[in-house]
Ligand code: 9UX
């Protein structure tokens, strides 16, 4: 079972910004796939909702200098 979330991300300025977000997601148990697009300021995260919640997916940004909202 998996779910995909699309994110609108604010605050990215270079490729390392995008890479740091991807890295944080890859370290999060339950995350299956992540892609952050610097040019579009978007991200896509695929995760197992039995292991992590949508709130957990947003909490990844709590300790980063970026903000994110879910794209409905
Ligand atoms: Mo690039 Mo992002 O040097 O906060 S890592 S601007």
task = Can you tell me the FRET efficiency between residue 1 and residue 63 if r is taken as the Cβ-Cβ distance and R0 is 22 Å, rounded to the nearest 0.05?
result = 0.20
task = Mark the label point 7 Å from the Cα of residue 54 along Cα→Cβ and return the residues of the stretch 8-31 whose backbone N is within less than 14 Å of it.
result = 8
query = Tell me, 13, 1 in order of fewest to most beta-carbon neighbours within 10 Å?
reply = 1, 13
ask   = In µm²/s, what is D for the chain at 37 °C and 0.692 mPa s, where D = kT/(6 pi eta Rh) by Stokes-Einstein and Rh is the Kirkwood radius from Cα pairs?
value = 275
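Read-outs throughout are calculated quantities, based only on the coordinates presented, and are distinct from any laboratory measurement. Only a predicted model underlies this, so the values are computations on that prediction, with no experimental measurement involved. Here Cβ is always computed from backbone atoms with ideal geometry, including for glycine, and neighbour counts include all displayed protein chains.
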